[in-house]
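The values are calculated or read from the model by the stated rules, or taken from the named source; none is laboratory data. Here the structure is a predicted model, which means the values were calculated and not measured. Positions of Cβ are backbone-derived with ideal geometry, glycine not excepted, and every protein chain shown enters the neighbour counts. Note: accessible area is taken over every heavy atom of the protein model, side chains too, but ligands, DNA and RNA are not part of it. Shrake-Rupley method; radii C 1.70, N 1.55, O 1.52, S 1.80 Å.
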Amino acid sequence: MGSRCSARGAPRLNFAVRALALGNDSVVEGIEVVVVSGTGATYLPAGRVARMTTTPDGPLADEPEARPTSPEEAVLQEAEAVLEQALPGAEAQLEVLDAGRRLLLVHAHPDDETINNGVTMARYVAEGAQVTLVTCTLGEEGEVLVPELAHLAADQDDALGRHRVGELAAAMEALGVSDHRFLGDAGRYRDSGMMGLPSNDRPDAFWQADLDEAAGLLVEVLREKRPQVLVTYDENGGYGHPDHIQAHRVAMRATELAADPAFGSGAAWAVSKVYWNAIPESFMREGLRRMRQAGDTTFFEGVDPDGEIPMVIPDELVTTAVEALEHVDAKLAAMRAHATQITVDGPFFALSNNLGNEAWGVECYRLVRGEPGTERDENGRETDLFAGLD
């Protein structure tokens, strides 16, 4: 017979009862739950739930720790102690599922998430969603825009990556995101640098990563966090950076593998909707025209508003526009946190300085997997990444 455990006032045991109620037998396998009520005790074998009464988790603030009043009670308390050590991961899984909306974003370097998705992340955090950011590299090969920190560059002290870990943490604090992590842990994969540079060929460069190995690391996160929505780049990585392209490949492969029960360990999880970051062509053209009219030539320097524009996609491919004007200040604060990459007198802040903060208040996406929601804006686009899932 498996262990027995009381569900009276014990957080782990109430967790076990919740697990059974949710049909999650695996996390309480071999445990026989004892639900204590005013009329006696009810024994619940794993996988079977009966009518039950439980008290709130844990003792009241002024309530002393209960002492065993019988040999049976002592056994129950011993079982509680076993559960305290045996089930932390499973309880964390249920806590994840308590968040009705769960969003996971996959990015290449620190700062990519803020530029592309800052107000989106802040909005969903504010609405109570679980937001998880996975960053694939530390951004070691990035340009250092702060003269006093030029020594951090890859061709000098090669310490920029460690510095950018701190910048990312500060940016996520500004956006309210508490769950941010690096793929396979910090430093597992190195920034590959721009396409065609010798840094692409380093054996530890993300561009050289084995696809299924890197995807397997992301599968672990997907199965842990169980997001309904995943956001990443398009197949060109937005603008052709090798790490952006690789992040796209890893995210899409991991989404496929996570849903396959035969792959790896843990319960399979199918992501309901996958989005790629998108910049509508008309939005960029209009922004460039207004910037040039305001006398600014730094934003996309050398690009003609009426000529070929990089990084954009045709308007008709944009399916979703997330508006969150009330979170623009948080996005700008997060951008400032990435101080080595984004300067307050640089082109990104020039956009808001000339066009107003509302220029950063809408972020667009292309739905590539899943069904769109029915509620649309005046352009026929979704306004919520979770549309159709609630």
Please report the orientation-averaged projected area of the stretch 215-322, defined via the convex hull of its C-alpha atoms, in nm².
8.1
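Give me the accessible area per residue for the stretch 143-218, probe 1.4 Å, as a whole number in Å².
Details: 3910 Å² over 76 residues.
Roughly 51 Å² per residue, with all protein chains present.
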Using +1 on the beta carbon of Lys and Arg, -1 on that of Asp and Glu, and nothing else charged, what's the dipole of the stretch 109-162 about the Cα centre, debye to 20?
380
Counting only the heavy atoms of the protein chains, how much of E256 is accessible to a 1.4 Å probe, in Å² to the nearest 10?
100
Please compute the modelled spin-label separation between S282 and L197, points set 7 Å along Cα→Cβ, answer in nm with one decimal.
3.7
Net charge of neighbours whose Cβ lies under 15 Å from the Cβ of Y124, counting Lys and Arg as +1 and Asp and Glu as -1:
-3
Percent relative contact order for the stretch 286-357, counting Cα pairs under 8 Å at least six residues apart, stands at 45
Under a 5 Å amide H to amide H cut-off, with H placed in plane at 1.01 Å, what residues pair with I279 once short-range neighbours are removed?
I313
Per residue Cα convex hull volume in Å³ - calculated over the stretch 106-161
88
What are the ³J(HN,Hα) couplings of the stretch 153-165, residue after residue, when phi is run through the Karplus curve with 6.51, -1.76, 1.60 and θ = phi - 60°? Round to Hz, x for glycine and proline.
4, 4, 8, 10, 7, 6, 10, 5, x, 4, 5, 6, 4
Sequence of H163, H241 from largest to smallest accessible area, 1.4 Å probe
H163, H241
With Cβ to Cβ distances under 10 Å as the rule, what net charge do the other residues near H163 carry (K, R +1; D, E -1)?
-1
Take the Cα atoms of the stretch 257-390, build their convex hull, and give its volume per residue in Å³.
169
For the stretch 181-189, in residue order, the Karplus 3J(HN,Hα) values (coefficients 6.51, -1.76, 1.60; θ = phi - 60°; whole Hz; Gly and Pro = x) are 8, 9, 4, x, 5, 4, x, 4, 10
Here the stretch 337-354 yields Karplus 3J(HN,Hα) values (6.51, -1.76, 1.60; θ = phi - 60°; whole Hz; Gly and Pro given as x) of 5, 8, 5, 6, 10, 10, 9, 5, 9, x, x, 5, 6, 4, 4, 6, 5, 8
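Just how large is the dipole of the stretch 252-390 about the Cα centre, in debye to the nearest 20, putting +1 at every Lys and Arg Cβ and -1 at every Asp and Glu Cβ? Walk me through the numbers before you get to the answer.
Working: 12 positive and 24 negative charges, 78 e Å.
It works out to roughly 380 debye.
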For F349, what accessible area in Å² do you get when you roll a 1.4 Å probe over the heavy atoms of the protein chains, rounding to the nearest 10?
10
Listed by chain and number, the residues whose amide H is under 5 Å from that of A259, excluding neighbours fewer than 5 places away on the same chain and using placed H, are W269
